[in-house]
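Chemist: I'd like to ask some things about the structure below.
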Amino acid sequence: MRRPIALVGFMGAGKTTVGKALARELDRRFVDLDAEVSRRTNLSVPAIFDERGERAFRKIEADALAEVVADLDTVIGCGGGVVTTAGGRRALSKALVVYLAMDESALVSRLAKTRGRPLLEGLEGDALAARVHKLLAKRRPLYAQVADIAVDAARPTAEVVKRINREMLALGYDDRDRARS
Ligand code: S3P
């Protein structure tokens, strides 16, 4: 059995870091969905939100994902909000979906140190924590709904990758099949 692997989870959960490490481990191509959306529009993610709005971003994101999942040999690092639209979830159904789960407080402290995310722009302290809380409350059930595998993303990257590998094998996905064929 072979499917593209899509990593989902909240902003800051480490989808890009884990995705790159997993792709290396499995000898797959890593695709960052935000970068793919930027490439297609020639705009940064904040510029798309700014100039075209979130709804337009979601449509481009879901369309890009629908195309990217056609390549079975990929690991796709999705944007945290891809699960919020029916189109995004439909595209995800073509992939083996790995949910990188993390505590709310850990996410808030990670996100406090980063920038460039339109939905969190200009927020710090309690305001940041409140926004994360609100978004997570809506999204957690959606991450759980689309996930084939859920892992604790607070663990070190190598351990997270190992855990994903183990869970994939348990579900009958063995990338070594490809190496042999
Ligand atoms: C978003 C997450 C971002 C990016 C955009 C919207 C979200 O990606 O797609 O800023 O709604 O959670 P990361 O999860 O990689 O930060």
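The values are calculated or read from the model by the stated rules, or taken from the named source; none is laboratory data. Here the structure is a predicted model, which is why all the values come from computation and not from measurement. For neighbour counting, all protein chains shown are included, and Cβ atoms are generated from backbone atoms with ideal geometry for every residue, glycine included. With ligands, DNA and RNA removed, areas are computed over all heavy atoms of the protein, side chains included. Shrake-Rupley method; radii C 1.70, N 1.55, O 1.52, S 1.80 Å.
Chemist: Looking at A62 and the list (1) touching a residue at least 12 places away in the same chain (Cβ under 8 Å); (2) surrounded by fewer than 20 Cβ atoms within 10 Å (Cβ to Cβ), which single condition is not satisfied?
Modeler: Of the numbered conditions (1) touching a residue at least 12 places away in the same chain (Cβ under 8 Å); (2) surrounded by fewer than 20 Cβ atoms within 10 Å (Cβ to Cβ), the odd one out for A62 is (2).
Chemist: Give the residue that is modelled with the lowest pLDDT, with candidates limited to residues of the stretch 111-128 that are under 20 Å from K15 (Cα atoms) and small (G, A, S).
Modeler: The qualifying residue modelled with the lowest pLDDT is G116.
Chemist: How about the stretch 160-170: which of its residues are open to solvent by 80 Å² or more (accessible area, probe 1.4 Å) and hydrophobic (A, V, I, L, M, F, W, C)?
Modeler: L169, A170
Chemist: Test of understanding: among R90, R110, which residue is part of a helix (DSSP H, G or I), out of contact with any His (no Cβ under 8 Å at 6 or more places or on another chain) and within 11 Å of the ligand (Cβ to nearest atom)?
Modeler: One residue alone meets the criteria, R110.
Chemist: Of the residues that sit in the stretch 1-54 and are of a type in the set (D, E, K, R) and within 12 Å of the ligand (Cβ to nearest atom), which one is most open to solvent (accessible area, probe 1.4 Å)?
Modeler: D50
Chemist: With respect to G116, determine if the residue is of a type outside the set (D, E, K, R) and open to solvent by 50 Å² or more (accessible area, probe 1.4 Å).
Modeler: When the stated conditions are applied, G116 does not pass them.
Chemist: From the list D63, D71, pick out the single residue that is acidic (D, E), under 19 Å from R40 (Cα atoms), in contact with a Gly (Cβ under 8 Å, 6 or more places away or on another chain) and away from the ligand (no atom under 12 Å from the Cβ).
Modeler: Testing whether each residue is acidic (D, E), under 19 Å from R40 (Cα atoms), in contact with a Gly (Cβ under 8 Å, 6 or more places away or on another chain) and away from the ligand (no atom under 12 Å from the Cβ) leaves just D63.
Yes/no matrix, rows are residues, columns are (1) surrounded by fewer than 16 Cβ atoms within 10 Å (Cβ to Cβ); (2) away from the ligand (no atom under 16 Å from the Cβ); (3) hydroxyl-bearing (S, T, Y):
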site: E121; (1), (2), (3): yes, no, no
site: L128; (1), (2), (3): no, no, no
site: L135; (1), (2), (3): no, no, no
site: P141; (1), (2), (3): yes, no, no
site: V146; (1), (2), (3): no, no, no
site: A150; (1), (2), (3): no, yes, no
site: A158; (1), (2), (3): yes, yes, no
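Chemist: Taking the conditions exactly as written (in contact (Cβ under 8 Å) with a residue 40 or more places away in the chain, touching a strand residue (DSSP E or B) at 6+ places or on another chain (Cβ under 6 Å), open to solvent by 10 Å² or more (accessible area, probe 1.4 Å) and of a type in the set (S, T, Y)), does Y99 satisfy them or not?
Modeler: Taking the combined requirement at face value, the residue satisfies it.
Chemist: Of the conditions (1) assigned to a loop (DSSP other than H, G, I, E, B); (2) farther than 23 Å from A153 by Cα; (3) within 11 Å of the ligand (Cβ to nearest atom); (4) small (G, A, S), G79 satisfies every one except a single condition; which number is it?
Modeler: (2)
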